[in-house]
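Inspection log for the structure reproduced underneath, given as structure tokens.
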Amino acid sequence: MALMNGARLGIAAQSVGVSQAAYTEGLNYARERKQFDTAIIDFPAVYDMLSRMKAKVDAGRAILYQTARYVDIYKALDDIARDRKLTPEERAEQKKYTRLADAFTPLAKGMNSEYANQNAYDAIQIHGGSGFIMEYKSQRLYRDARIFSIYEGTTQLQVVAAIRYITNGTYISIIKEMLEEEVSGEFAGLKERVAKMTILYEECVNTIKEEGNQEKQDFLARRLYEMTADILMSLLILADASKAPHLFTKSANVYVRHAEEEVNGHYLFIKNFKPEDVEFYRQNNREPAE
Ligand SMILES: Cc1cc2nc3c(=O)[nH]c(=O)nc-3n(C[C@H](O)[C@H](O)[C@H](O)COP(=O)(O)OP(=O)(O)OC[C@H]3O[C@@H](n4cnc5c(N)ncnc54)[C@H](O)[C@@H]3O)c2cc1C
């Protein structure tokens, strides 16, 4: 697992790189390409895509760096432990950061690899027909990105790795700690929106835990995973925006809105989902006679 987590962090970084490249390709093309005497970047449908691509790059990078920080800390403590006995406080830190690294790695890998795919897809969309042909880089990024959500554990396996931290309250307690942190005044409203998302998220987690229906939990796990990541990445991008508003204010505004749309959608799906609904999904893949 330690080896795999190391590799997963690498794929998360690779994914952020391709996400960024796809965004840059899309941006440059959208600035140059004119239709109806207008640069296509000025069409809302296009700048909506581009701004969400940028927000995914920034929020994705934020969770990558946060994970890398946790890994750095526990690895440094592992190194010290090879030379001498750790103090009880150091041992507690080592345990804490190992757990945080374990909890964050599947989020950083899964979300960034999916974002790389989404951004590569949108980069082609922005290029129109030119994106589909070999002359432009966007088609290569699209093929490169496709493996990221598969190797070193598919996204479905990242969800499997993360679900225990969803049900045992690890993520909720981190989210609540982060909600306690100060953000500068201009971001207070966005933070309030994240706090509201957290209430919906916690309600979903508690409902699923209380019902104790394993199949339903497995079925809804991906949605819970995405809610977790959407909220954590919103808080990380808000922290970045507070420290460097000139770099991250716009992405924080776009990402929190994106997260809100996702979290609310998942909340409605989960709240309306009855255990017997699983059957529609299971049976839809079977022949009538089966
Ligand atoms: C270019 C490339 C390079 C690679 N490099 C390496 C390498 O260096 N080292 C290495 O070890 N491997 C490598 N692999 C293999 C790669 O890690 C596997 O392909 C990947 O882990 C998926 O396993 P699989 O192909 O057996 O798919 P499967 O495990 O058969 O998965 C098929 C589908 O079922 C889903 N699924 C499977 N199990 C579950 C579950 N429990 N819950 C929910 N859904 C599930 C998956 O998400 C997927 O959608 C490489 C693959 C490629 C294509």
Starting from segment 222-250, keep only residues that are crowded, with 21+ Cβ neighbours inside 10 Å, then list their pairs with residues that are basic (Lys, Arg) whose Cβ atoms are within a distance under 8 Å, requiring at least 6 positions of separation or different chains.
-> Leu235/Lys191; Leu238/Lys191
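So in segment 42-72, with the set limited to residues that are free of Cβ contacts under 8 Å to residues at least 40 places away in the same chain and under 22 Å from the mean Cα position of the chain (by Cα), which one is least open to solvent (accessible area, probe 1.4 Å)? Working first, answer last.
If we filter segment 42-72 for residues that are free of Cβ contacts under 8 Å to residues at least 40 places away in the same chain, which is where we start, we get 42-45, 47-48, 65, 69-70, 72.
Still in the running and under 22 Å from the mean Cα position of the chain (by Cα): 47-48, 65, 69-70, 72.
Details: Tyr47: 114, Asp48: 69, Tyr65: 119, Arg69: 121, Tyr70: 24, Asp72: 110 Å².
Only one residue tops the list, namely Tyr70.
Condition check ((1) touching a Pro at 6+ places or on another chain (Cβ under 7 Å); (2) within 16 Å of the ligand (Cβ to nearest atom); (3) not charged (D, E, K, R)) across all residues:
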| position | (1), (2), (3) |
| --- | --- |
| Val159 | no, yes, yes |
| Glu177 | no, no, no |
| Glu186 | no, no, no |
| Leu200 | no, no, yes |
| Thr207 | no, no, yes |
| Tyr225 | no, yes, yes |
| Asn253 | no, no, yes |
Kindly provide the set of residues from segment 1-17 that are away from the ligand (no atom under 13 Å from the Cβ) and over 16 Å from Leu157 (Cα atoms), ordered by number.
-> Ala13, Ser15, Val16, Gly17
Subset of segment 83-114 (residues that are open to solvent by 40 Å² or more (accessible area, probe 1.4 Å) and closer than 14 Å to Ala161 by Cα) = Arg99, Asp102
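Quick one: count up the residues across segment 77-126 that are free of Cβ contacts under 8 Å to residues at least 24 places away in the same chain and under 30 Å from Phe43 (Cβ atoms). Working first, answer last.
Taking segment 77-126 and keeping what is free of Cβ contacts under 8 Å to residues at least 24 places away in the same chain, we get 77-96, 121, 124.
Next, only the ones that are under 30 Å from Phe43 (Cβ atoms) stay: 121, 124.
Residues in segment 77-126 being free of Cβ contacts under 8 Å to residues at least 24 places away in the same chain and under 30 Å from Phe43 (Cβ atoms): 2 in total.
Would you confirm whether any residue within segment 144-155 is in a helix (DSSP H, G or I), modelled with pLDDT of 95 or more, within 16 Å of the ligand (Cβ to nearest atom) and open to solvent by less than 40 Å² (accessible area, probe 1.4 Å)?
If we filter segment 144-155 for residues that are in a helix (DSSP H, G or I), which is where we start, we get 144-146, 155.
Add one more test, that the residue is modelled with pLDDT of 95 or more, and what stays is 144-146, 155.
Cutting the leftovers down to within 16 Å of the ligand (Cβ to nearest atom) gives us 144-146, 155.
Now narrow it down to the ones that are open to solvent by less than 40 Å² (accessible area, probe 1.4 Å): 145, 155.
Yes, because at least one residue in segment 144-155 is in a helix (DSSP H, G or I), modelled with pLDDT of 95 or more, within 16 Å of the ligand (Cβ to nearest atom) and open to solvent by less than 40 Å² (accessible area, probe 1.4 Å).
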Filter segment 169-198 for residues that are open to solvent by 80 Å² or more (accessible area, probe 1.4 Å) and either over 19 Å from Val254 (Cα atoms) or in contact with a strand residue (DSSP E or B) (Cβ under 9 Å, 6 or more places away or on another chain) (or both); which is modelled with the lowest pLDDT?
-> Glu182
Counting only residues that are out of contact with any helix residue (DSSP H, G or I) (no Cβ under 9 Å at 6 or more places or on another chain) and among the polar types (S, T, N, Q), which one in segment 169-219 is farthest from Pro245 (Cα to Cα)?
-> Gln214
Residues of segment 29-41 being without any contact (Cβ under 8 Å) to a residue 12 or more places away in the chain, surrounded by 13 or more Cβ atoms within 10 Å (Cβ to Cβ) and either within 16 Å of the ligand (Cβ to nearest atom) or assigned to a helix (DSSP H, G or I) (or both), in sequence order, are Arg31
Across segment 119-143, what is the total count of residues that are out of contact with any Asp or Glu (no Cβ under 7 Å at 6 or more places or on another chain), part of a loop (DSSP other than H, G, I, E, B) and surrounded by 14 or more Cβ atoms within 10 Å (Cβ to Cβ)?
-> 1
Could you list all residues from segment 251-290 that are surrounded by fewer than 17 Cβ atoms within 10 Å (Cβ to Cβ) and in a loop (DSSP other than H, G, I, E, B)?
-> Lys274, Asn284, Asn285, Arg286, Glu287, Pro288, Ala289, Glu290
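Answer yes if at least one residue in segment 199-218 is open to solvent by 70 Å² or more (accessible area, probe 1.4 Å) and closer than 16 Å to Val57 by Cβ, and no otherwise.
Going residue by residue through segment 199-218, those that are open to solvent by 70 Å² or more (accessible area, probe 1.4 Å) are 199, 209-211, 214-215, 218.
Filter once more, so that each one left must be closer than 16 Å to Val57 by Cβ: none.
Checked segment 199-218: no residue is open to solvent by 70 Å² or more (accessible area, probe 1.4 Å) and closer than 16 Å to Val57 by Cβ.
The values are calculated or read from the model by the stated rules, or taken from the named source; none is laboratory data. Treat the numbers as computed from the prediction; the structure is a model and nothing was measured. Neighbour counts run over all protein chains shown; Cβ positions are idealised from the backbone, glycine included. When the accessible area is computed, the model is the full protein with side chains, heavy atoms only, and any ligands, DNA or RNA have been set aside. Shrake-Rupley method; radii C 1.70, N 1.55, O 1.52, S 1.80 Å.
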